[in-house]
Amino acid sequence: MDARHPSGRSMITNCFAFATIMAENEDLCRGLIERVLGIEIECLDVVAVEADVPQITRRAVSCDVLARGAKTAFEVEMQVGTVKDLPRRARYIASLVDARVLAKGEPTHRLPDLFVIFICMYDPFERGLPRYTTRRCMAEDAAVACANGVTEVYVNATGDL
């Protein structure tokens, strides 16, 4: 299979192709997540492509890949075009994943830890870093974590890991 689009761009940067490849290849998806996060994942129970879900009164939902491990969920997004509000998009995606993985009436302590991963074909914060990781902390004392279980990771694919 030719890995290049007729435009010359790699097929993996096509959001649909990326999502399909990740959903159909659990080992590849797990390997990508492990490399980005620097952790080992025993197995992924579910790897699903999230298609557009139209909403009549709200914004349409569009996610790339949702993968679930034993106690952790991973939302992986390909960002080809420059998006200036990625942290707000991460917030939005986290809320969508939470609503999807927590059944009605279930207590919130059952929410899995969540990694929202954006693989960007540009430097999203223009600081020259290969990866940016954010978690909540207390404004009055940054040393105090306010662990809500959500970690956002922005990969600068133009950088060098």
For region 11-156, the Cα-Cα pair-distance distribution in 10 Å bins from 0, as whole percents, is 10, 40, 38, 11, 1
Given backbone amide H placed at 1.01 Å from N, residues whose amide H is under 5 Å from that of Ala73, ignoring those fewer than 5 places away on the same chain, are Asp113, Leu114, Phe115
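Computed from the coordinates by the stated procedures, all read-outs in this text should not be read as laboratory data. Being a predicted model, the structure only gives us computed values, none of them experimental.
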